[in-house]
Every structure is written in C-alpha cells, then in structure tokens.
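The values are calculated or read from the model by the stated rules, or taken from the named source; none is laboratory data. Note that the structure is a prediction, hence the values are computed from the model and not measured. Counting neighbours? That spans all protein chains shown, and the Cβs are built from the backbone with ideal geometry, glycine included. Just so you know, the surface numbers come from the protein's heavy atoms only, side chains and all, with ligands and any DNA or RNA stripped out. Shrake-Rupley method; radii C 1.70, N 1.55, O 1.52, S 1.80 Å.
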Amino acid sequence: MPLDELGRWLQARAERRPVATSIPTLDGYVTAIVAGPVSISPLDWICPLLAIDADAFNHGGTPEFAAISAVVRRHNDISNTLSTAPHQFEPIHQRKPNGEVDARPWCLGFHAAMQPRLSAWAPLLDTRNINHLLRSILRHCVDDHGHPLIESPRKVPKTEEFLRHAHTDIPAVVEAMRQYWMPIRYARAG
C-alpha cells in the first residue's frame, strides 16, 4: 500500500480512533518509535497507531495487513536513513493553505508515541532547560485540556519568524535523540 493510499485508508477509519489519521501524524509516531529510548514490540505500537486488532497480523491479503506492511516499510525506511545517512532524514509534513509547513500533525504523532512509555523519556523532558532536546517538537503539542505543552515566548517578530521555521530543526533533533538513546536502548536490549 503506497503512503497516499494509506493516508486515505487512515482517514476512512477515523471513527475507530486510530492514533494516526494522516500520514504526517503516522510519520511522527513511527519516528518516535525508531529514535526513542526503548524497543517496542510491533504489536504494541502498530495496533493503536492503526486501530487494528493484533489478529490482523495473521491475515495477509487484507487492507489491514497492507496497512501494517506500509507502516513497517516506513519504519524500516526511517531506521535505515537514520543509521546510514541521518542528514537525509526528512519528516513528512503537511502544508498550510498559505504554503507554509505545518509541523503540528507530525509533532502530535511523535508526542503520542511517547505517551505509553513516558517514564522512559523522562531524561529528555526537562522543559526548563533552554537546550531542551524536545523543544522543537513539544512546542507544537497540547495537553488533554488544549494548553500548550511548552509556552511560546512572548510574541515579538523574531519569535514569530523562529516558530514559522522551527520545523527545520526537527531532523537534527531526531538524530540527536537517536544518538542520545542509542547506548541506553541497545544496552537494555543486550
């Protein structure tokens, strides 16, 4: 299943409440799985991502199985890119009507993937740190009450310009996180 077809499939399943209803959200989620602090069983993250039952993994030839295969392909593509050519990693963002990049859906997907294992992410969650690694991502996210996870600095023209281009930091942030977690993640696996 190509990504554009997967995007339509996800939108058609919105009533089932998958974590991802768009390719940018799916891409952010999968990126967090690849670059995060712990290895996770595919059943544990793909099922909520697509709102499917674990039994869908056992039945080839179904739309659910095609969606699983597309997600696994994207996972492997991200993993291979970050392992062999991290400077070529590009998140999939959508565009606003004015043509600007809208990083919010990607960031919301990334944040959603963090939630089930938030304690494992704890070392990177000190938002008071000015060099906070997740700042570029969490700046686009809101809590359950719709409040920003990280308050934007006061509104000044420089801040507006920074926020408009904050998405350009995401590839470097993802690679830095991957490098940060790598010794911990693989020590746990071994």
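Side notes on the structure shown:
- Residue 24 being open to solvent by less than 40 Å² (accessible area, probe 1.4 Å), in contact with a Ser or Thr (Cβ under 9 Å, 6 or more places away or on another chain) and either at pLDDT 95 or above or over 30 Å from residue 135 (Cβ atoms) (or both): no
- None of 40, 78 is aliphatic (A, V, I, L, M), open to solvent by less than 50 Å² (accessible area, probe 1.4 Å), within 24 Å of residue 124 (Cα to Cα) and touching a Ser or Thr at 6+ places or on another chain (Cβ under 6 Å) except 78.
- Cβ separations smaller than 6 Å between residues 6+ apart or across chains give the following pairs from region 119-135 residues that are more than 13 Å from residue 184 (Cβ to Cβ) to residues that are open to solvent by less than 50 Å² (accessible area, probe 1.4 Å) and modelled with pLDDT under 75: 127/150.
- Qualifying residue in region 49-62 (condition: open to solvent by 70 Å² or more (accessible area, probe 1.4 Å) and either touching a Leu at 6+ places or on another chain (Cβ under 9 Å) or within 17 Å of residue 7 (Cβ to Cβ) (or both)): no
- Flag if residue 66 is of a type in the set (Gly, Ala, Ser) and either touching a Leu at 6+ places or on another chain (Cβ under 7 Å) or modelled with pLDDT under 95 (or both): no
- For region 96-107, the condition of being touching a residue at least 12 places away in the same chain (Cβ under 8 Å), of a type in the set (Gly, Ala, Ser), within 15 Å of residue 32 (Cβ to Cβ) and not in a helix (DSSP H, G or I) holds for at least one residue.
- Residue list for region 24-80, restricted to those being in a loop (DSSP other than H, G, I, E, B) and under 24 Å from residue 175 (Cβ atoms): 36, 37, 38, 39, 40
- Checking each residue in region 82-100 for being surrounded by fewer than 18 Cβ atoms within 10 Å (Cβ to Cβ), farther than 15 Å from residue 20 by Cβ and not small (Gly, Ala, Ser) picks out 84, 86, 87, 88, 90, 95, 96, 97, 98, 100.
- Selection status of residue 152, out of contact with any His (no Cβ under 6 Å at 6 or more places or on another chain), assigned to a helix (DSSP H, G or I) and either under 20 Å from residue 105 (Cα atoms) or at pLDDT 60 or above (or both): no
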